[in-house]
Amino acid sequence: MSLSVGKVLASLDGNRTKDEDGKEVKVEGKIYKDYLQLDNLLSNVDLMSAKHGPPVHDEHLFIIIHQTYELWFRQIIYEIDSVRAYLNLPVVGEESMLTIIQRLNRVALIWKTAVEQFAILETMTPMAFMEFRCYLAPGSGFQSLQVLTDDR
């Protein structure tokens, strides 16, 4: 049986959910940009080079890539913490094991994606990096608290 996208979307009611008693209740939702807080997220690129002269183009890429890594690290920690909670149960049932496997597979795919992002960063030449590196001093990705947390 084939459904058109329009019919599928029309059948979804994103403003309804069920309470603890199973009764249908209406909830107030948010539009996409507000739900994801895009104004806040996308305004968090502060080119230090622009404060000292003309902005260095590749500094924007550097910031975006590293912010993306931090978001991925946050998700990895979230997934690992949920797995840890399951493993701390007195008995881990079959359904819980399936959830654990699914979440660990997700973590593996996130790491794969994070590693593949290096290819984008490698499009920046060492000379371009050196144009704004002084504003990062003595910064290093090893200072990421999330990387250190993920190492536990």
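The values are calculated or read from the model by the stated rules, or taken from the named source; none is laboratory data. Everything numeric here is computed off the predicted structure, so don't read it as measured data. Cβ sites come from the backbone with ideal geometry, for glycine too, and all protein chains shown count toward neighbours. Please note that ligands, DNA and RNA were not included when accessible areas were found on the heavy atoms of the full protein model with its side chains. Shrake-Rupley method; radii C 1.70, N 1.55, O 1.52, S 1.80 Å.
Suppose we filter 132, 142 for residues that are in a helix (DSSP H, G or I), within 15 Å of residue 66 (Cβ to Cβ), open to solvent by 80 Å² or more (accessible area, probe 1.4 Å) and at pLDDT below 95; which single one remains?
Values: 132 fails: open to solvent by 80 Å² or more (accessible area, probe 1.4 Å).
Exactly one of 132, 142 is in a helix (DSSP H, G or I), within 15 Å of residue 66 (Cβ to Cβ), open to solvent by 80 Å² or more (accessible area, probe 1.4 Å) and at pLDDT below 95, namely 142.
Anything in the range 62-100 that is in a loop (DSSP other than H, G, I, E, B) and in contact with a helix residue (DSSP H, G or I) (Cβ under 8 Å, 6 or more places away or on another chain)? List them, or say none. Steps first, answer last, please.
So the first thing to find is which residues in the range 62-100 are in a loop (DSSP other than H, G, I, E, B), and the list is 88-93.
Passing the criteria: 89, 92.
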Inset, instruction - Determine if the range 10-20 includes at least one residue that is open to solvent by 80 Å² or more (accessible area, probe 1.4 Å), among the aliphatic types (A, V, I, L, M), at pLDDT below 85 and out of contact with any helix residue (DSSP H, G or I) (no Cβ under 7 Å at 6 or more places or on another chain). - result: yes
Inset, instruction - For residue 44, indicate whether it is modelled with pLDDT under 95 and either touching a Gly at 6+ places or on another chain (Cβ under 8 Å) or among the small types (Gly, Ala, Ser) (or both). - result: no
Inset, instruction - Please name all residue pairs, on different chains or six or more residues apart, with Cβ atoms under 9 Å, provided the first residue is in the range 54-75 and is closer than 18 Å to residue 112 by Cβ and the second residue is of a type in the set (A, V, I, L, M, F, W, C) and outside any helix (DSSP H, G or I). - result: 65/124
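To keep it simple, each residue is scored yes or no on (1) surrounded by 14 or more Cβ atoms within 10 Å (Cβ to Cβ); (2) farther than 23 Å from residue 136 by Cβ.
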{"residue": "27", "(1), (2)": "no, yes"}
{"residue": "43", "(1), (2)": "no, no"}
{"residue": "54", "(1), (2)": "no, no"}
{"residue": "65", "(1), (2)": "yes, no"}
Inset, instruction - Assess whether residue 49 counts as being small (Gly, Ala, Ser), surrounded by 12 or more Cβ atoms within 10 Å (Cβ to Cβ) and in contact (Cβ under 8 Å) with a residue 40 or more places away in the chain. - result: yes
